[in-house]
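See below for the structure under consideration.
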Amino acid sequence: DARVTQTPRDKVTEMGQEVTMRCQPILGHNTVFWYRQTMMQGLELLAYFRNRAPLDDSGMPKDRFSAEMPDATLATLKIQPSEPRDSAVYFCASGRNTGELFFGEGSRLTVL
Amino acid sequence: SQKIEQNSEALNIQEGKTATLTCNYTNYSPAYLQWYRQDPGRGPVFLLLIRENEKEKRKERLKVTFDTTLKQSLFHITASQPADSATYLCALDKGSSGSARQLTFGSGTQLTVLP
């Protein structure tokens, strides 16, 4: 049963520390998305890749966030330095030309 | 500015009744609209997709309508069950071409089906 895999599931860190979240998209999917979910803002799009190329990262704070796809099986989202306001659940999703997205279970980040 | 609004944050209905959830949007011209289900602590799960030239789509007990004139989609769950209790999210694409769409999500409606 193909699924999007995200690690870590939970991360507690202190302000100023670097956080890296990883995502393995479903094999054969050519688009990868990073979303952030909070109670206040809901699901917000942070970054979007197609065929490993970044297409849109306008939703991402550029000074501290970076997203990459070093290969087709791995997408990363890095926060450096982390701040308490970054506390949220970060979701990775992948898809193809049928339109629907397949989400991972999320990485819950708490920055103290 | 672009906005997606889903009706009331929470909706409670009695088991066996039909649940109707609303998604209204402004300043979008979506090529299609999608509905997702999200359970606590889990990622959203795709349910249905409806294209701008489709009026209605059905899947088992689920039905979605899409009115591009009213800029509204209705999501119905017939013969609702307690297991249908979850948060339901609507999502619109930005109308760009290409493969898997860049979706923007509404804030969701939390549905509780009472036994």
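The values are calculated or read from the model by the stated rules, or taken from the named source; none is laboratory data. Because the structure is a prediction, the values reported are computed rather than measured. All Cβ positions, glycine included, derive from the backbone under ideal geometry; neighbour counts span all protein chains shown. Side chains are part of the model used for accessible areas, which takes the heavy atoms of the whole protein and leaves out ligands, DNA and RNA. Shrake-Rupley method; radii C 1.70, N 1.55, O 1.52, S 1.80 Å.
Structural remarks
- Qualifying residue in region B:64-82 (condition: part of a loop (DSSP other than H, G, I, E, B) and within 27 Å of A:Cys92 (Cα to Cα)): no
- Of all the residues in region B:31-66, those that are more than 11 Å from chain A (Cβ to nearest Cβ) and under 15 Å from B:Asp93 (Cα atoms) number 3.
- Which listed residue is open to solvent by less than 50 Å² (accessible area, probe 1.4 Å), closer than 14 Å to A:Val32 by Cα and more than 10 Å from chain B (Cβ to nearest Cβ), from A:Phe49, A:Phe91: A:Phe49
- Matching residues, region A:23-35, being more than 11 Å from every other protein chain (Cβ to nearest Cβ) and farther than 20 Å from A:Asp1 by Cβ: A:Trp34
- Some residue of region B:86-105 being in contact (Cβ under 8 Å) with a residue 24 or more places away in the chain, in contact with a strand residue (DSSP E or B) (Cβ under 9 Å, 6 or more places away or on another chain), more than 29 Å from A:Ser58 (Cβ to Cβ) and not aromatic (Phe, Trp, Tyr): yes
- Taken together, the residues in region A:52-75 that are within 20 Å of B:Ile4 (Cβ to Cβ) and surrounded by fewer than 15 Cβ atoms within 10 Å (Cβ to Cβ) amount to 1.
- Looking only at region A:94-110, and only at residues there that are open to solvent by 10 Å² or more (accessible area, probe 1.4 Å) and part of a loop (DSSP other than H, G, I, E, B), the one that is farthest from the other protein chains (Cβ to nearest Cβ): A:Thr98
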